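Just below is one structure, and these are the notes that go with it.
The values are calculated or read from the model by the stated rules, or taken from the named source; none is laboratory data. Computed from a predicted structure; not experimentally measured. FYI the Cβ positions are ideal-geometry reconstructions off the backbone, even for glycines, and counts take in every protein chain you see.
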Amino acid sequence: MATIAQTKSHKATAEKSGTAKSASKKEAEGQDAISLLKADHREVEGWFDDYEDASSDDEKAELAAKICGALKVHAQVEEEIFYPAARDATKDDDLLDEATVEHAGAKDLIAQIESMSVGDDLYDAKITVLGEQIRHHVKEEETELFPEVRKSEMDLDAVGAELAARKAELTAE
């Protein structure tokens, strides 16, 4: 669990670099695919930590919206671009099939959260469970899938550029 000091530090860092959205856009430019996806992971993990420390319903609602929106975009770019390229490069259908199923579970939980309001029964529990599922998914991607992809012939820079462009399109919508 993040401390209040970590939360304030996370927020101060985001404020110093402009809005979180513009900071992550700048960071995404020129990154390889894995670096871009890891940056997304860290950003969302930070928001889950902030949610745990949130004291007001308004703050929780804002963080939940950020989390859900970012995860929907992240899952979409992974499914449209990264997973097919990773499947071609690694031939690891089992790992990518599992990741796709984990995405489906997260999307279902996100839809439930988005249909609710802060303070509703199970709202906080659903955010907590979503965070646990995402942390599990991230761990598998970063310790199993990403190393396999790095060893492959995938052009990580080209895929990263494609991911960044598609992410920019989706976040602009």
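For the reader, a short list of remarks on this structure follows.
- Unique residue being surrounded by fewer than 15 Cβ atoms within 10 Å (Cβ to Cβ), of a type outside the set (Phe, Trp, Tyr) and under 22 Å from LEU170 (Cβ atoms) when the list is ASP108, ASP93, ASP120: ASP108
- Residues being assigned to a helix (DSSP H, G or I) and either hydrophobic (A, V, I, L, M, F, W, C) or surrounded by 14 or more Cβ atoms within 10 Å (Cβ to Cβ) (or both) - total across the range 151-162: 6
- Count of residues meeting criterion [within 16 Å of VAL44 (Cα to Cα) and in contact with a Lys or Arg (Cβ under 8 Å, 6 or more places away or on another chain)] in the range 96-112: 3
- Residues within the range 118-157 that are aliphatic (A, V, I, L, M), within 20 Å of the chain's Cα centre (by Cα) and over 16 Å from ASP49 (Cβ atoms), tallied: 4
- Taking every residue in the range 124-147 that is small (Gly, Ala, Ser) and pairing it with any residue that is surrounded by 14 or more Cβ atoms within 10 Å (Cβ to Cβ), at least 6 positions away or on another chain, the pairs with Cβ-Cβ distances below 6 Å are GLY131/PHE48.
- Any hit, the range 119-128, residues being at pLDDT below 95 and over 22 Å from ASP32 (Cα atoms): yes
- Condition check for GLU114: in contact with a Leu (Cβ under 8 Å, 6 or more places away or on another chain), among the charged types (D, E, K, R) and touching a residue at least 24 places away in the same chain (Cβ under 8 Å): no
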